[in-house]
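Accompanying notes for the structure given below.
The values are calculated or read from the model by the stated rules, or taken from the named source; none is laboratory data. Because the structure is predicted, anything quoted here is derived from the model rather than measured. Reconstructed Cβ throughout: ideal geometry from the backbone, glycine too, with neighbour counts over all protein chains shown.
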Amino acid sequence: MRPASAAGRPALWLLLGLALASVVAAGPLEAQRGRRGGEQDREQLERRIRAQMGRMMRERLGLTEQEATDLAAVVQSFDERRRDLLRAEQATRRRVEALLLEGGGDGAEALGLLNRMAELRAEEAGLFAEEQEALLGVLTPVQVLELHALREQIGRRIRALRGGRRDQGPGRRRGGP
């Protein structure tokens, strides 16, 4: 495994920025084109962006073709579980908000929601630990840290392209339920 190279980073970031801008723009375009055509376009766009990000990660982490393929397999194997967990967390947050809007008087349901939130956090921690172990089967510890930093940078860029929005409706706070 080779160390990450600093060469070519400005071009990669420009490419990443363009790819992320395309993702942000895809939502309104999907609505204009109609559900069926928009879904196909969105899937094609997601595949292209995934490929571009894969190339960028490969260069940034200094991976061989085989290491990049192995990394993609590891990441993909955790994606569905991460999406399921995110959906469960969102559903729980929505129920918490609804309960609070209703006056929050149902103590049994409130306790159930608190327990569910704790379960989801434990699942998230377990998923993180499993993923780290799998990543260390492909990457060095330094490359795993570099991957985390890269994911964080991509997340910040996406939020910036969206105008700093997060899925925050009225009454939602960062770090909330």
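Checked against the criterion of being surrounded by 15 or more Cβ atoms within 10 Å (Cβ to Cβ) and closer than 28 Å to ILE49 by Cα, the range 106-114 has no qualifying residue.
With respect to the conditions (1) under 29 Å from GLU123 (Cβ atoms); (2) surrounded by 16 or more Cβ atoms within 10 Å (Cβ to Cβ); (3) without any contact (Cβ under 8 Å) to a residue 40 or more places away in the chain, ALA73 falls short on a single one, namely (2).
Would you tally the residues in the range 142-177 being in a loop (DSSP other than H, G, I, E, B) and at pLDDT 75 or above? Can you show your working first?
Restricting attention to the range 142-177, the residues satisfying the condition of being in a loop (DSSP other than H, G, I, E, B) are 162-177.
From what is left, the residues that are at pLDDT 75 or above are 163.
The number of residues fulfilling the criteria is 1.
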